[in-house]
1. What translational D, rounded to a whole number of µm²/s, comes out for the chain from Stokes-Einstein when the hydrodynamic radius is the Kirkwood one over Cα pairs, at 25 °C and 0.890 mPa s?
2. Arranged from highest to lowest average of other beta-carbon atoms within 10 Å per residue, in what order do the peptides 342-349, 82-89, 448-455, 152-159 appear?
3. Assuming 0.36 nm per residue, please report the length gained on full extension of the stretch L43 to R102 beyond their Cα-Cα distance.
4. Quick one: how many Å² of R76 are accessible to a 1.4 Å probe, rounded to 10?
5. Quote the accessible area belonging to I275 in square angstrom, nearest 10, computed with a 1.4 Å probe and with ligands, DNA and RNA left uncounted.
6. Using the heavy atoms of the protein chains alone and a 1.4 angstrom probe, what is the accessible area of the chain per residue in square angstrom?
7. Of the GluC sites (Glu not before Pro) in region 450-521, which ones lie in a loop per DSSP and count no more than 16 other C-beta atoms within 10 Å?
8. Which links in K122/K318; K84/K122; K38/K122 stretch past 25 Å when you go from one Cα to the other?
Amino acid sequence: MKYVLVTGGVVSGLGKGVTASSIGVVLKSCGLRVTSIKIDPYLNTDAGTMSPFEHGEVFVLDDGGEVDLDLGNYERFLDVTLTKDNNITTGKIYQSVLEKERRGDYLGKTVQVVPHITDAIKDWIASVSLIPVDGKEGPPDICVIELGGTVGDIESMPFIEALRQLSFSVGQENFCLIHVSLIPVLGVVGEQKTKPTQHSVRELRALGLTPHLLACRSAQPLLETTKAKLSQFCHVQAANILNIHDVPNIWHIPLLLRNQNAHLSILKQLNLLSIATQPALDSWTRMAETFDNITNSVKISMVGKYVGLTDSYLSVAKALLHACIACSLKPQVEWIAASDLEDESKKSTPEAHAVAWKTLKNAECILVPGGFGDRGVSGMILAAKYARENNVPYLGICLGMQIAVIEYARSVLGRERANSTEFDAQTPDPAVIFMPEGSRTHMGSTMRLGSRRTLLQTRDCLTSKLYGNTDYVDERHRHRYEVNPEVVQALEEAGLKLIGKDETGKRVEVMELPSHPFYVGVQFHPEFKSRPRRPSPPFLGFIMAAAGRLETHLSFGQNGSASMSL
Ligand code: GLN
């Protein structure tokens, strides 16, 4: 196994994750099989309990792992399917060591950070890097490891030490360290400053790790003199100093790296030059350039709870992007805080209320994404009602589907107090209820997580057509509540079709309103499996509907295959 370690220095938020995934893209384009590991030095065992407000979205994997959103970047960029073990946290490492200690596996020894924690980290990396993630047999060729945080952080010290030991034990030709750093420009002269990078490389070297390559983030391209200085002071060959300056969209980053021959420097270090091919990035280049040249856009209103931090819905935003590009449109996403739509806000914050409604009414389509808790729920219900009554394309994801069902029960079935027991435990009309897969009384996790099969009850529905005339779909889940099986019949009789069910036939997975141009709700999260050049079918249908092209798309899709050609 060959390892490429990506560390970060100077400041956080440099786009280390995108840099590391772009390096993976370039290496993959050279014919190598690439996997990745993200290390998050925080103490949480996984991202499942972390607030999207603070940390961005919780990404969900096929195996039900709730992980850092960077794993989403890897899955999308490398087109792989990762496992929960590809995300290492301090919490997971300590948990495994403490479990061993309780079992008595350490035979009376004092259990210490070095060697027990560091050994656990090394063992974890060694075994997880071997898992095939691209659907092929056998271990990958290269594992890109991204170390979260900034070099020098107290919490990342055991990881740095473990990685130092790893570099030593696997040998020079199996280990390549790329340090991502920032080159700021200061003062009126606009000089590119190398000192922060010098310091962070020095810090890394003091910890026993020497970078082979530097990836320097800057607004403008680096000057040759800046590179020369970095090379001299950081002890890195000039050819190995990469520059990631600002680009029109993130898909340019692999191209930028390829143009600077990053692959040659890495392959040389890893002694892989003889087996690697020339980087084949033609279709990637087309995608990056097509996007730059798109002039038309589509206005999408996203009505949610966590609208302050766009990373909170990162995969939804990416899925919209993939779908829009397939339609030659740029997504113009307008975020609406659901609570601003509510009647209460008309009194307390009239301006915000007016702006929110104006935005909603201007939108060409409306999306209500997933979420937890009752904040903003009435606003989301108003948005779903507006979309339904005005024939505006609506896509409800997870909570967004539950919202649409509640709205339908209230407005069409006349059950005014219909609600989810998540928001009103005492509701006389529970339209959405708690339905754990395991035992109700069982301790621990009650969330329905990861990939589950949805059976479509007829091929004569939008969802089946969008997925390519299929009888079933496998998508990822993350929820506790479900549509109450007892209201299904009444909803169906009133025109709402609950056409996707789980394998037991009890859980509602997909909802459609045939009398509407596009009113679709899904209990799963299709955004997690959306890929550039392979948009998620419900998202594609949603954008096609917004652009007035759904009919054409579907008839084309049935004769040939629309999604194949995208
Ligand atoms: N809160 C809802 C549930 O638990 C929806 C979850 C979600 O949207 N991810 O079922």
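The values are calculated or read from the model by the stated rules, or taken from the named source; none is laboratory data. Quantities reported herein were computed from a predicted structural model and do not represent experimental measurements. Backbone-built Cβ (ideal geometry, glycine too); neighbour counts: all protein chains shown. When the accessible area is computed, the model is the full protein with side chains, heavy atoms only, and any ligands, DNA or RNA have been set aside. Shrake-Rupley method; radii C 1.70, N 1.55, O 1.52, S 1.80 Å.
1. The Stokes-Einstein estimate is 97 µm²/s.
2. Listed from highest to lowest mean packing, they are 82-89, 448-455, 152-159, 342-349.
3. Using 0.36 nm per residue and subtracting the Cα-Cα distance, I get 19.3 nm.
4. 10
5. The accessible area of I275 comes to roughly 110 Å².
6. 42
7. Sites meeting the loop and neighbour criteria: E503.
8. K122/K318
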